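Okay, structure first, notes after.
The values are calculated or read from the model by the stated rules, or taken from the named source; none is laboratory data. Not measured: the values here are computed from a predicted model. Cβ placement follows ideal geometry from the backbone for every residue including glycine, while neighbour counts extend to all protein chains displayed. The accessibility values were calculated without ligands, DNA or RNA, using every heavy atom of the protein model including side chains. Shrake-Rupley method; radii C 1.70, N 1.55, O 1.52, S 1.80 Å.
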Amino acid sequence: YVIISDDSSAGFWESVYEGAHEYGLDKGVFVENFASSFSENLNKEQLMRIAIASNVDGIMINADESETMNDLINEAMLKNIPVVTLYNDASTSRRISYVGVGNYNIGKEYGKQALNLCKSISLERSGDMDIVVLVSSVPTSSQMLVYSGIQETLETDVLSSRITLNTVKIDDSNTFTVEETIRDIFMNEDVPDIIVCLSELDTTCVYQAVVDYNKVGQVNILGFYDSAPILNAIDRNIINSTIVLDTKQMGEYCVDALLEYDRVGFTSQYFAVDIEVIDSKNIKMHMEDTAYEN
C-alpha cells in the first residue's frame, strides 16, 4: 500500500504514515510513504499516476474535490487498485472509503473556543472583534464545513453582532508562499483578534509571525496539530489552543479499510477519527504523556 499527501515531510503526515506503517506490519502488509521514494518534488496527481502505473495493491491519499483527482481515483479503481481518501475527501469519486473527521463538529469546537476568547476581549474593550479563518487558495469542502461550523456556533451567541468572521486564502504550494501570505496579514493596520489555523504549517507560521511582529497577547491563535513548537507555544501562552487528530488511528483505519475491501469486496464508507483540544488547562498533562521536552 502507498500513502500520498500534500507534504509528506510535515509532522502530521509523518505521524499518519507511521501509524499506518506499524499497523500494516502487524497485519502482513507494507505501507510506503510514496513521496519519499523520489528525489524530485512531485505533486499528488503525479504520485497518483505513478502509483497506478506501478500497480500497487492499495492507495491512501489526502484527496481533494478536483476533477483531475476524481478521474485518477476512478482510474485506479477501474484497474482494481482500491483507494481510501483520508483527511480531505473526493466524495464524488469511486473511492472505497473516507477516513477523516467530522469537519462541521471541528468547526463547532473552534467556534466555542473563539466565542470564549471574544467574551474575554469584550470585557476589555468595546467595538467589533475580527476572526479570520485561514483556508487554501482553492478551499476544500472539508475546510468550508469547518468554516460553517464556526459561523453557526458564533451566530448562537448575543455577541454575534459584534463579531466579523472572514476567510483569508493562503497560497499553500510551499512553505515560503504560506509565510509570505501570513506576513501580509500582519503588515495591515488592522490585525485580526483571532486567527484560526486549519493546518500544522499555518499554525507554526502564524505563531512565528505573532512573535516577529510583537503581537503576543494581541492576536489569539487557534491552531491545529501538536508538534513540539506548537505545544511549546501553548505552554508559553502564545497559542491559545490546538485541535489534535488521532493520527495513529487515522493510519490504522486506512489499512483496515483496504484489508477489509480486499477480503470481502466492500468496507465502511466512513471511518471517524478521534479529536482532542489541547490548551493551557491540559498542556502539562499532554506534554508529560508524550514525553515532550522543552
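Computed values, structure above
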item	result
Arg125 accessible area, assembled protein chains, probe 1.4 Å, Å²	90
Glu124/Glu22 FRET efficiency (R0 51 Å; Cβ-Cβ; nearest 0.05)	0.60
Folded to 0 to 90 degrees: helix 141-154 orientation relative to the chain principal axis, Cα	30
Given charges at Cβ of Lys, Arg, Asp, Glu: segment 141-294 dipole, positive-most of Tyr270, Gly149, Ile221	Ile221
Most to least accessible of Glu260, Glu18 (protein chains only, probe 1.4 Å)	Glu18, Glu260
In degrees, nearest ten, helix 200-212 long axis to first principal axis of the chain (Cα)	30
Links that overshoot a 29 Å alpha carbon limit, given the list Lys27/Lys112; Lys79/Lys108; Lys248/Lys281; Lys119/Lys248; Lys169/Lys284	Lys27/Lys112; Lys79/Lys108; Lys119/Lys248; Lys169/Lys284
Sequence-separation-based contact order of segment 157-281, relative, with Cα cut under 8 Å and 6+ spacing, percent	18
Tilt relative to the chain, helix 67-78 - C-alpha long axis, 0 to 90 degrees, to 10	30
Separation between Cα centres of segment 98-177 and segment 33-50, rounded to whole Å	32
Carbon and sulfur %, accessible surface of segment 82-139 computed with the full protein complex present, 1.4 Å	48
Sites Asp262 and Leu159, calculated FRET efficiency, Cβ-Cβ separation with R0 51 Å, nearest 0.05	0.50
Normalised per residue, the volume of the convex hull around the Cα set of segment 1-151 (Å³)	139
Rounded accessible area per residue of segment 189-261, 1.4 Å, Å²	35
The chain - mean residue ellipticity at 222 nm from DSSP helices (-39,500 (n - 2.57) per run, n ≥ 4, rounded to 500)	-14500 deg cm²/dmol
Rounded to 5, percent antiparallel among DSSP beta bridges of the chain	15
Sequence of Asp171, Asp262, Asp71, Asp157 from largest to smallest accessible area, 1.4 Å probe	Asp262, Asp71, Asp171, Asp157
Label zone at Ile275 (point 7 Å along Cα-to-Cβ), backbone N below 13 Å, segment 197-234	197-199, 223-225
